[in-house]
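Following: one structure in structure tokens, then a few remarks.
The values are calculated or read from the model by the stated rules, or taken from the named source; none is laboratory data. Just so it is clear, the model here is predicted, and its values are computed rather than measured. A quick note on method: Cβ atoms are made from the backbone with ideal geometry, for glycine too, and the neighbour counts reach across all protein chains shown.
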Amino acid sequence: MLESLKIRDFAIIQDLSLDFRTGMTVLTGETGAGKSIIIDAVGLLAGGRGSSEFVRYGSKKCVLEGQFSYQKTETLTALLEENAIDEEEATLLIQREIFATGRNVCRINGSIVTIAVLKEVGSQLIDIHGQNEHQELMVSDNHIHLLDYYGPSELDRLKKEYQSVFSEYRQLEKERREWEINEQELVQRIDILKYQVEEIKAADLHLNEEEELKEEEQKLANHQSIVEALSSSYTILQGEEISGLDLIGQAMEKMESISDMDDKFRQISETLSAAFFQLQEVSSDLYSEMDHLEYDEERLNEIEERLNIIQQLKRKYGNTVESILIHYEEAVSELEKLENREEQVDMLSKKTTQLRERAVSLAGDLTKIRKETAERLEVAILEQLKELYMEKVQFSVNFKEGSDQGTADSILSAQGQDKIEFFVATNPGEPLKPLARVASGGELSRMMLAMKTIFSRSQGITSIIFDEVDTGVSGRVAQAIADKIYSVAYHSQVLCITHLPQVAARADQHLYIRKEVANDRTTTYVEQLAEKERTEEIARMLSGEELTQLTIETAQELLKLADKKKKQV
């Protein structure tokens with residue numbers, strides 16, 4: 001549920017903090033006071049489309065923050081884990097900043113997320129249901145999901161099994177079709193692969209070869225400089241006329257003769273001795289390197305030719321010798337498959353046939369359970385409509401013709417073989433028509449409310465918002481709508497913008513929205529009404545600004561009736 005909401009510099013709202021309760025909360029107030037703006041703010045926290053137009057005039061950005069508690073579900077938990085969002089104590093803090101420049105920043109429990117992720121999470125928490133924004137009920141593609149929500153656990157288990165089989169079938173079917181390409185293209189591909197395999201194989205490459213060749217090339221190309229450096233260094237250390245080692249040896253002997261006279265002399269003597277023997281080893285290494293050093297011009301040419309071959313292969317098959325060898329292995333593997341393509345196609349055909357038959361069988365089972373579920377749903381919806389004084393309305397879950405034949409691949413989808421749409425007839429004698437084509441108004445509001453009463457019990461949405469869905473009704477229908485909205489609040493928190501006193505009287509929490517103009521700026525304020533103020537507000541909803549004793553008494557009667565019904569629950 002939505003526990004709290006903070007809004008800053010949003011439209012005509014400067015700074016607002018609201019706390020919400022469980023059950024049913026109504027928002028009332030004069031037209032234009034900002035009731036729908038508050039719902040817009042909640043919608044943005046659920047991933048709604050943002051715009052710089054929402055930013056209060058003169059501000060750099062608007063800031064929205066909502067604290068939600070929820071019951072953990074497999075879907076929501078997986079979604080949070082997938083996006084590395086901390087999930088602690090089943091609470092989510094959703095924050096959204098919209099800048100005047102149009103930039104959006106969204107956070108969930110402190111983690112920055114995209115608007116797409118925010119929308120996915122928000123869909124698990126909030127369902128905003130307005131008079132003109134019919135949401136999922138008005139989108140026929142969603143009707144199959146709503147039917148499945150209403151179905152038994154067996155339907156959910158069977159659907160998951162079907163989707164697993166169908167996904168594997170589609171993947172293998174795609175792979176099979178890829179094998180059945182044009183014969184000429186296939187032959188061309190085989191020729192290309194053969195050439196690549198033979199070219200790389202002939203090169204006989206090995207890992208680190210290029211680095212080793214470059215190192216050897218460097219030595220041969222700089223032979224003269226290397227010889228001169230080695231020779232000069234050796235002469236300095238072991239020269240016949242002046243020997244560096246002989247001079248250091250003399251110094252070592254001199255210092256050794258006085259080493260027992262002072263610790264400092266002993267340390268110097270030891271350092272000289274160590275240096276002398278190390279330089280002896282260096283001298284020996286220099287002599288060995290000069291003895292083995294040869295200039296081979298032919299070898300240099302060979303290295304350059306080999307490096308040229310490697311460079312040509314790199315331009316064709318990869319940036320390194322390793323990537324060339326990987327390409328070779330992949331080409332060999334693909335060539336082997338293509339040369340044995342008939343066996344591959346035959347194997348895939350058998351697998352896809354088996355999977356298709358299994359998918360069709362499971363889809364048939366799904367259809368059977370769905371039709372049983374549809375019968376129960378139709379009865380439940382008609383009962384709800386009867387309570388809303390729409391007993392003459394007909395409602396049907398339509399399975400499109402051919403959806404239960406289960407023989408052609410084309411009818412299978414991720415949902416099974418069924419194409420489902422809700423049909424209604426609002427007046428006797430009229431044919432059933434798709435729900436999405438029914439005209440809006442009071443009847444449509446009641447249709448939507450009846451369905452929401454049914455689906456709210458099975459969807460697990462924690463907060464449902466009704467934005468003036470009671471428009472166009474009055475009298476006993478208004479009272480029925482009030483009772484129905486309150487019944488939805490048994491299963492989910494309900495926030496409701498209303499102009500009906502009957503609906504307002506049923507609320508567990510009543511928020512009054514008003515606006516004030518100061519210093520030529522309009523600002524929205526919200527206050528939670530106590531018992532007396534609530535009675536007066538409902539009285540105003542009954543008769544307008546002028547309160548009379550009769551309207552006060554009628555408001556009190558409505559509240560008493562509402563309290564009585566609550567106690568009967």
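Figures for the structure shown
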{"item": "Selection status of Ala380, surrounded by fewer than 21 Cβ atoms within 10 Å (Cβ to Cβ), within 30 Å of Ala480 (Cβ to Cβ), modelled with pLDDT under 90 and not assigned by TED's automatic domain parsing to the domain that holds Ile465", "result": "no"}
{"item": "Enumeration of residues in region 8-45 that are in a strand (DSSP E or B), at negative phi and not aliphatic (A, V, I, L, M)", "result": "Arg8, Phe10, Gln14, Asp15, Ser17, Asp19, Thr25, Thr28"}
{"item": "Residue identified as at pLDDT 85 or above, touching a strand residue (DSSP E or B) at 6+ places or on another chain (Cβ under 9 Å) and closer than 21 Å to Glu53 by Cβ among Val121, Val113, Val117, Val105", "result": "Val105"}
{"item": "Criterion (surrounded by fewer than 16 Cβ atoms within 10 Å (Cβ to Cβ), under 44 Å from the mean Cα position of the chain (by Cα) and not in a loop (DSSP other than H, G, I, E, B)) met by exactly one of Glu533, Glu516", "result": "Glu516"}
{"item": "Test: residue in region 487-507 that is in a helix (DSSP H, G or I) and on the phi > 0 side of the Ramachandran plot", "result": "no"}
{"item": "Selection status of Leu16, more than 23 Å from Tyr490 (Cβ to Cβ) and either modelled with pLDDT under 90 or small (Gly, Ala, Ser) (or both)", "result": "no"}
{"item": "Top-ranked residue of region 410-442 - restricted to ones that are at pLDDT below 70 and either under 30 Å from the mean Cα position of the chain (by Cα) or hydroxyl-bearing (Ser, Thr, Tyr) (or both), ranked as surrounded by the fewest Cβ atoms within 10 Å (Cβ to Cβ)", "result": "Ser410"}
{"item": "Residue within region 286-307 that is farther than 30 Å from Tyr195 by Cβ, under 43 Å from the mean Cα position of the chain (by Cα), assigned by TED's automatic domain parsing to the domain that holds Lys214 and not hydroxyl-bearing (Ser, Thr, Tyr) present", "result": "no"}
